[in-house]
1. Return the loop-located trypsin sites (Lys or Arg not before Pro) in region 302-367 (DSSP other than H, G, I, E, B) with at most 15 other Cβ atoms within 10 Å of their own Cβ; answer none if there are none.
2. Given Cβ point charges of +1 (Lys, Arg) and -1 (Asp, Glu) and nothing else, what value in debye, to the nearest 20, does the dipole of the chain about its Cα centre take?
3. Could you compute how fast region 114-267 diffuses translationally, taking Rh as the Kirkwood radius over C-alpha pairs and applying Stokes-Einstein at 20 °C with viscosity 1.002 mPa s? Give it in µm² per second.
4. In Å and from the alpha-carbon atoms only, list the Rg and Dmax of region 361-478.
5. Report L130's accessible area, 1.4 Å probe, all protein chains in place, as a number in Å² to the nearest 10.
6. Within region 176-196, find all residues whose amide N lies under 18 Å from a label point positioned 7 Å from the Cα of S232 along Cα-to-beta-carbon.
7. From the alpha carbon gyration tensor of region 391-550, can you work out the equivalent ellipsoid semi-axes (sqrt of 5 times each eigenvalue) and give them in Å, largest to smallest?
8. Of all accessible surface on region 57-107 at a 1.4 Å probe, what whole percent is carbon and sulfur?
Amino acid sequence: MLGQKQKEFGSMRMEVISLSIFIMAALQIGLIHCMVGFSTFRAAAYSRKPNFIIILADDIGWGDLGANWRPTQETPNLDKMAKEGIRFEDFHAAASTCSPSRASLLTGRLGLRNGVTHNFAVSSAGGLPLNETTLAEALKQANYSTAAIGKWHLGHHGHYHPNFRGFDYYFGIPYSNDMGCTDEPGYDLPACPPCPTDSVGKSCKPKPCSTHVALPLLENDNIVEQPVNLSSLTERYAERVVRFIHKARENPRPFFLYFAPAHMHVPLHCSSRFANTSARGPYGDSLRELDYVIGQILEAVDTDRHRNTLVWFTGDNGPWSEKCEFSGSVGPFVGAWQMQRGGSSAKKTTWEGGHRVPAVAYWPGRIPANSTSSALLSTLDVFSTLIALANASLPSNRRYDSLDITDVMLGRSQVGHKTLFHPNSGAAGQIGDLQTIRLEQYKAFYLTGGAQACRGPKGPEQNHEPPLIFDLSSDVAELLPLDPKSPEYQAVMPQVKVALSELLRDISTDNTSLADYSHDPSVILCCQPKHVVCRCEDWLQGAHGKERRV
């Protein structure tokens, strides 16, 4: 009897051992599958399309970045961004004024192709031509979620609004911050009066520095404030930028954020925490606030464990020198030849100070830290580079002036453009025309002219045939043009002529657009037409409690 029980117990023990071995094997197999699954998931996460944040500052000078120009002390976060990313030394806006520069960044095409050659107005009926494909539209087709926060200035009426140009979300001012009165006018030359407070009255006469309508703030197609409070606007921008980054991270889709702050365009404003903190006065205070927002963006980006977000900072054109102490620094790019003859050589001109802008790209783990590129590059290149990184597609029935500079950005190349073309931007000549050409280190001017100087006149407009040619490798100040009789000039001149003629021929056979620059008073953004400047706070807080739709 005892022997039988021992046999039964032994049999049961073997069954338990067998079951234990089976369970352990199953657990090991499951664990292996789990680990494989986790590795696959992690690989998939890292192989996701990158996120993009483009930051386009307004009227910022090349010398306003501390990493570019030692006297500048106001940009520790931008300098950190440069130290941990790549700084582009020879980087240029596609035009020297607002709307054309922004249109070229978002289309990868010069103004003679995309139709935007000068700025749009408060009463402009049109904007960036609707047959032009924007960067946001192309990325949206590639499954990106998109947002624009800040200044637009590419048309606000109807389908020219950002929500119809590829952006899922928009929050910002529709044009420059000096194109409407505010209650706290900030720092500008000449000084601007505040908006009238009359609830009803006749339309006031336009002032030299503002229009007869208060500056509106939009959220998508709603006017949420008019006049906008510029002192708190940057804080609200930063809040929405960070919120968008965090919300987009919860979405499996990659994101594209286009952030265009009002800084450093006049009127200058900053919150009280930055007032009187810089030795450069109000301009330095505002620059510090801009830099602080950059720091908030980088902090939000760095909390992403996948670190799969490219942040690219640059400017739309050089500083507005006629604003004197309220304008930025061109650094060494002073346009000395023009300065000797009068006028400014910064914004609105084709001198280096008008279009050479600071540029930094930041992408930890992808861009080598503390790197510098001397390649000849442009804001035009933002377009093709992001399209390539996103593996997006473009219409094939048009040509682009943009380069994919991924290899330059990732430290694998120093090859940029051989030629760049700087359109006339208001200082001289027919606006939008191409009469200034960069060929490697050489720069040729068929036309020169100075913009309005600080407390001084414009510079004279002069045609040059043969053109003035400067060697920027030895003369960044653009002081002494080459002698037309020298062998160096004789070698460069034929190449300049060929490059210009080939581009103009290419544009003439391209699918080009023509912007509508007509004016229509009915398209002016106004949330309360009965008020003298469209002031709408009382209306917004009224019985209906709803914003006025654009």
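The values are calculated or read from the model by the stated rules, or taken from the named source; none is laboratory data. Computed from a predicted model, the values in this text were never measured in an experiment. Neighbour counts are summed over all protein chains in view; Cβ atoms, including those assigned to glycine, are modelled from backbone coordinates with ideal geometry. Accessible surface is based on the protein model in full, side chains and every heavy atom, while ligands, DNA and RNA are left aside. Shrake-Rupley method; radii C 1.70, N 1.55, O 1.52, S 1.80 Å.
1. Of the trypsin sites (Lys or Arg not before Pro), the ones in loops of region 302-367 whose Cβ has at most 15 other Cβ atoms within 10 Å are R305, R307, R341.
2. That gives the chain a dipole magnitude of about 1280 debye.
3. 129 µm²/s
4. In order Rg, Dmax, the Cα atoms of region 361-478 give 17.7, 50 Å.
5. 90 Å²
6. From region 176-196, the list is 182-186, 195.
7. After scaling each eigenvalue by five and taking roots: 44, 24, 17 Å.
8. Whole-percent figure for carbon plus sulfur exposure: 49.
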